[in-house]
Amino acid sequence: MDSIPPFSRRTFLKGLSLAPLTKLPAEVLHERRHAPLPAGEEEILQLQVDGQEWKGKVEARTTLLDLLRNRIGNTGPKEVCDLGACGACTVLLNGRTVNACMTLALACQGATVVTVRGIGSPRYPHPLQEAFVEDDALQCGFCTPGMILSAFALLERNANPTRREIQEALAGNLCRCGTYTRIFEAVERAAAELRRRRNK
Amino acid sequence: MSSPNNLEKKDEVFPTSPPSEQVSIRAGFPGLSRMIETSRRNPNDAPPWSLDTKFRIVGTEVPRLDGLAKATGVAVYPSDFRPPKLLFAAILRSPIPKGKVAEIDISKAETAKGVLAVAVATNKGRQVRYVGQEIVAVAAETRALAEDALAKIKVVFDADEAFDADPIQKAKAKLPEVDALPASLAEAGANGKEEAVLRMAFETQVQMHHPLEPHGVTAWFKPDGSLEVWASTQGTFMMQRSMAQAFRLPPSRVHVMTPVMGGGFGSKLQAGIEARLCAELAMEAGRPVHLFVDRRGQALAMGNRPSSLHWIRAKANRQGKILDWEAESYGFPGFAGSGRVAYPTFYRGVRRPRHRDLRGNTGAARAFRAPGHPQGFFAAESMIDELACRIGMDPLEFRIKNVDPIHAMQLKMGAKAFGWKQRFNPKPGRSPEPGGPLRGAGLACTRWGGMGGARARVLCRIHQDGTVEVRNGAQDIGTGTRTVLAVVTAETLGVDIKRIRAHIGDTRDPAGPSSGGSTTTPTLAPAIRHAAWLAGKELLDRIAEQKRLPRKSLSLKGGKILKDQKAFLSFEEACRLIGPEPIEAMGQRYRNWRGFAGGVAGCQFAEVEVDPETGIVQVKRILAVQDCGTVIDKKTTESQVIGAIIQGLSYALFEERLLDAKLGRVLGTDLEHYRIAGSMEMPEIIPILNKGCNGHNNTGAAGIGEPPTIPTSAAIANAVRNAIGARVHQLPLTPDRVLAVIDRIHGGKQ
Ligand code: FES
Ligand code: FES
């Protein structure tokens with residue numbers, strides 16, 4: 001279960017015609033990569049999102065991000081770059097963080113997807129969500145869901161991370177408002193709180 | 001002159017009559033204040049807060065009210081909003097920098113699968129002025145289908161080869177002569193002269209805004225013909241006005257919603273063409289349309305901070321006096337917008353540059369967090385620093401000699417907290433360990449307006465159940481507007497903040513300002529206070545009436561009703577008496593008084609480490625002393641200062657729009673090739689809020705979003721100068737530029 005999807009949107013694109021493009025200027029490369037994927041067959045997809053089963057017909061080119069935001073109506077993951085460069089669309093796929101914009105929906109057949117809405121709610125927030133508010137680790141808040149899920153995955157594998165480890169875990173998440181230093185503090189606070197709960 | 005002694009107590013007591021004709025308050029900073037006459041012009045205003053006011057909630061750490069909604073993913077941003085039957089739009093952009101649309105054929109797109117509407121932005125015969133200009137927009141059932149349809153549109157351009165995408169080269173040729181760059185460490189440190197006369201040039205890059213939430217709106221026409229817009233905007237009322245004009249509707253028939261939004265930094269202060277195209281598509285399709293610009297469109301067409309070029313000639317004497325200052329500057333705002341720059345003219349002897357904008361065939365500049373300031377301050381603060389270096393004076397001392405008393409106070413305060421004496425490298429260009437990192441410290445000052453003052457109204461309702469509702473239709477761009485509404489109301493009424501329900505981002509509510517120029521808080525806070533003040537007074541009126549008591553015997557203090565100065569009713573008990581109709585009061589924003597000082601001042605100190613082998617600059621620590629007026633909420637205020645510093649650091653070291661001038665094309669239109677500072681590059685950041693009360697309005701609040709981003713790049717550049725022993729004249733301070741200077745002055749070896 002705990003594995004990266006067999007193929008992502010990037011490998012899919014590569015399969016099409018990307019290989020010979022690597023020497024072109026960035027702009028041209030970008031345009032080609034961004035050209036719409038060809039429409040394809042639809043297939044039935046079944047998966048679990050934040051504990052809820054979802055089943056429906058999905059086109060081959062639909063990304064997990066597109067599915068979550070536009071078909072399922074989940075406001076957790078955000079669309080910022082749609083190209084795997086910012087981490088705002090981060091979700092947990094079978095327990096591992098992925099950029100939902102670079103993951104094809106059909107590669108998630110039978111998978112378990114958790115978004116920021118799945119780890120806590122305003123009523124029962126996760127300690128990370130509480131710590132982000134307490135330390136004011138967000139301004140506009142658009143990067144926040146992705147930041148929280150990257151931090152969540154870090155704390156799952158490392159209950160007591162160093163500052164450096166936190167920085168590394170968040171290296172794929174961009175914040176334009178500049179909240180990083182407060183995010184580090186919030187993650188440390190949440191880690192301490194989670195350890196306290198575990199030891200109780 | 002009556003003394004407002006009711007303000008000196010911790011809990012505010014409502015007087016039984018309007019405040020006296022004339023009130024004077026103490027304004028300024030602890031240790032640097034004076035009395036200011038305030039209320040002649042507006043006897044109905046709430047009594048002003050002063051430097052002596054003891055607050056209950058104001059200035060404490062109140063968590064941002066919408067923080068939890070954002071952190072749990074339930075907050076609905078305009079780009080998250082999905083009304084039923086929503087269509088998605090995509091935009092076709094010009095691939096050429098200059099020319100005309102010769103032919104345009106949209107017929108195949110109109111009949112493409114899933115397409116419901118097509119809108120032409122640049123018609124046949126119309127001018128194209130940059131790569132990325134909007135040509136056609138399509139709305140379809142999904143965005144993929146809209147993008148498919150774009151590929152079916154045929155456009156023939158009549159390209160004009162005589163374009164200039166990068167006029168900076170033209171300007172460089174016109175620049176007066178500059179001094180030869182120092183060829184050795186000894187030469188760079190040349191000091192001990194009676195006078196230093198320098199002629200130097202400086203250059204800054206184009207910076208892109210890249211707010212994480214893209215520009216755009218979701219719009220639809222209701223059956224009655226009125227227009228609904230969910231907009232990611234910095235100005236809900238500006239959006240309402242623009243859309244009303246574009247569609248010839250009375251503003252009352254355009255409703256704009258921005259409950260939360262994902263950043264703008266100045267680039268969302270206008271209703272761009274994307275908003276109008278979206279509503280056009282919605283009108284044609286008869287359904288809601290979602291049009292949010294993709295990242296490439298953001299990079300090409302949604303604004304930028306223009307690049308600049310400076311030439312400065314300055315002279316200073318051994319005593320640290322600036323004797324002469326002459327400057328020329330150029331800005332390169334693209335095909336439109338302003339490239340003007342601002343210099344720190346609060347230094348005695350520093351004068352504004354003669355400025356010219358040169359237009360070129362790239363996307364237009366837009367306001368970007370303190371427009372013109374980081375550019376101009378980088379150049380001027382670098383020059384000031386270099387003058388100090390050349391006459392052999394500590395740059396801190398040199399600055400203290402040349403600034404106003406507020407900056408001088410802040411410089412001393414900051415230097416002490418930062419440990420300037422220990423950090424400033426007395427031997428620039430030398431490392432304690434051979435081959436080891438070069439260390440240095442630098443500083444720079446800032447000043448910005450941010451006093452607010454647009455007309456604004458705020459509605460305050462006290463309900464029978466004891467909750468208080470406060471409303472203004474302006475938006476929150478991430479600064480914490482909603483929290484400001486709640487804190488000021490709770491403080492004024494003396495009640496727990498949990499009672500307050502704050503509503504923003506809806507044009508059906510009273511008008512508020514656009515979030516530009518750091519004006520949202522200083523514009524709204526006085527109106528919030530006024531509204532809560534009036535509502536509190538009416539509460540007392542109603543109780544007096546109900547209980548048949550003389551109105552004069554009642555007062556409101558610490559959220560409790562007093563009768564003849566003794567506890568009488570709790571706030572809840574009092575509210576139960578008001579009857580089913582809530583108390584409703586409209587507060588207004590009076591004009592500013594002459595406060596303590598015009599604008600907010602600040603300074604920043606940076607500590608860097610430069611690797612002499614690679615030229616990589618690592619910022620270790622930044623300390624900011626920032627005047628914020630009355631701090632309404634400590635946490636969110638500090639966050640703004642930290643965010644401004646991080647954006648300044650990113651500008652200083654990484655961000656740069658690269659251009660292929662021959663093709664007129666922007667390179668790196670995604671977030672992978674346009675580098676923005678990330679978690680790995682974060683220094684320790686210490687924001688020191690230089691609390692004061694500016695005396696411009698009844699709260700003494702000031703705006704803080706922009707001022708702390710102004711000096712960061714200059715402080716870092718000056719620290720690099722102190723570390724390596726010579727100056728890098730161009731931003732960003734990339735490894736190659738730093739290494740070139742190191743190689744030059746060290747003769748290739750360190
Ligand atoms: S939107 Fe997926 S990484 Fe940026
Ligand atoms: S809080 Fe705005 S992008 Fe991170």
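The values are calculated or read from the model by the stated rules, or taken from the named source; none is laboratory data. Given the structure is predicted, the values throughout are model-derived calculations rather than measurements. In this analysis, Cβ positions are derived from the backbone assuming ideal geometry, glycine residues included, and neighbour counts consider all displayed protein chains. Heads up: the accessible areas ignore ligands, DNA and RNA and are worked out on the full protein's heavy atoms, side chains in. Shrake-Rupley method; radii C 1.70, N 1.55, O 1.52, S 1.80 Å.
In region B:293-308, the residues that give up 40 Å² or more of accessible area when the other protein chains are added, compared with the chain on its own (1.4 Å probe), are B:ARG295, B:ARG296. Rounded to the nearest 5, what % of the DSSP beta bridges within region B:393-538 are antiparallel ones? Roughly 50 percent of the beta bridges in region B:393-538 run antiparallel, per DSSP. Within region B:56-81, the residues that become at least 40 Å² less accessible when every protein chain is included than when their own chain is isolated (1.4 Å probe; DNA, RNA and ligands ignored) are B:ARG64, B:LEU68, B:LYS70, B:ALA71, B:THR72, B:GLY73, B:VAL74, B:TYR77, B:ASP80. Rounded, prolate or oblate: which one fits region B:85-164, using the alpha carbon gyration tensor with axes a ≥ b ≥ c (rounded when a/c is under 1.5, else prolate when a/b beats b/c, else oblate)? It is prolate, given that a/c is not under 1.5 and a/b is the larger ratio. Between B:ARG352 and B:GLU684, the C-beta separation translates, for a Förster distance of 22 Å, into a calculated FRET efficiency of about 0.05. Figure note: B:THR734, B:THR489 ranked by solvent-accessible area, largest first, 1.4 Å probe, ligands and nucleic acids not counted: B:THR734, B:THR489.
Placing a label point 7 Å from the Cα of B:ASP465 along the Cα-to-Cβ direction, the residues of region B:572-611 whose backbone N falls under 20 Å of that point are B:572-585.
When chains A and B come together, the accessible area they lose, probed at 1.4 Å and totalled over both chains, is close to 5100 Å². Annotation: the antiparallel percentage among DSSP beta bridges lying fully within the protein assembly as shown is about 80. Is the shape of chain B best called rounded, prolate or oblate, per the rule: a/c under 1.5 gives rounded, else a/b larger than b/c gives prolate, else oblate, with a ≥ b ≥ c the square roots of the Cα gyration tensor eigenvalues? Taking the square roots of the gyration eigenvalues as a ≥ b ≥ c, chain B is oblate. The trypsin sites (Lys or Arg not before Pro) of region B:592-672 meeting both criteria, a DSSP state outside H, G, I, E and B (loop) and at most 16 other C-beta atoms within 10 angstrom of the site's C-beta, are B:ARG594, B:LYS662. Are there any GluC sites (Glu not before Pro) in region B:525-613 that are in a DSSP loop and have at most 14 other Cβ atoms within 10 Å? List them by number. Sparse-neighbourhood loop GluC sites (Glu not before Pro): B:GLU613. Put a plus charge on the Cβ of each Lys and Arg, a minus charge on the Cβ of each Asp and Glu, and nothing anywhere else: the dipole of the protein assembly as shown about its Cα centre is then about 1720 debye. Computed over chain B, the per-residue total of -39500 (n - 2.57) for DSSP H runs of n ≥ 4 gives a 222 nm mean residue ellipticity of -8000 deg cm²/dmol, rounded to 500. Ranking B:MET243, B:MET680, A:MET102, B:MET283 by solvent-accessible area of protein heavy atoms (1.4 Å probe, all protein chains present), from largest to smallest, gives B:MET283, B:MET680, A:MET102, B:MET243. Ranked by solvent-accessible area (1.4 Å probe, protein heavy atoms only, all chains present), the residues B:GLU37, B:GLU386, B:GLU194 order from largest to smallest as B:GLU194, B:GLU37, B:GLU386.
Full extension of the chain between B:LYS620 and B:ASP160 yields a length gain of 160.7 nm, computed as 0.36 nm times the residue separation minus the alpha carbon distance. Applying both filters, DSSP loop and at most 12 other Cβ atoms within 10 Å, to the trypsin sites (Lys or Arg not before Pro) of region A:86-131 gives A:ARG123. Dividing the mean sequence gap of close Cα pairs (under 8 Å, 6+ apart) by how many residues chain B holds gives a relative contact order of 17 percent. Solvent-accessible area per residue in chain B equals 36 Å², computed with a 1.4 angstrom probe and all protein chains kept. Within chain B, the whole DSSP H helices whose Cα atoms reach 27 Å or more along their own axis and whose mean Kyte-Doolittle score is at least 0.0 are B:634-653. Can you classify region B:155-249 as rounded, prolate or oblate using the Cα gyration tensor, where a ≥ b ≥ c are the square roots of its eigenvalues, rounded means a/c under 1.5, and otherwise it's prolate if a/b beats b/c and oblate if not? The shape class here is prolate.
As a test, work out the antiparallel percent of DSSP beta bridges whose residues both lie in chain B, rounded to the nearest 5. The antiparallel fraction comes to roughly 80 percent. Shown for region B:648-671: residues covered by the partner protein chains by 20 Å² or more of accessible area relative to the chain by itself (probe radius 1.4 Å), namely B:ARG665, B:LEU667, B:THR669, B:ASP670, B:LEU671. Neighbours of B:HIS215 by Cβ distance under 14 Å: Lys/Arg scored +1, Asp/Glu scored -1, total +2. For the protein assembly as shown, with all protein chains in place and a probe radius of 1.4 Å, 50% of the accessible heavy-atom surface sits on carbon or sulfur.
With each label modelled as a point 7 angstrom along the Cα→C-beta vector, the A:SER121-B:ARG675 pair spans 4.4 nm.
Using a probe of 1.4 Å on the protein chains alone, the accessible area found for A:ILE72 is around 50 Å².
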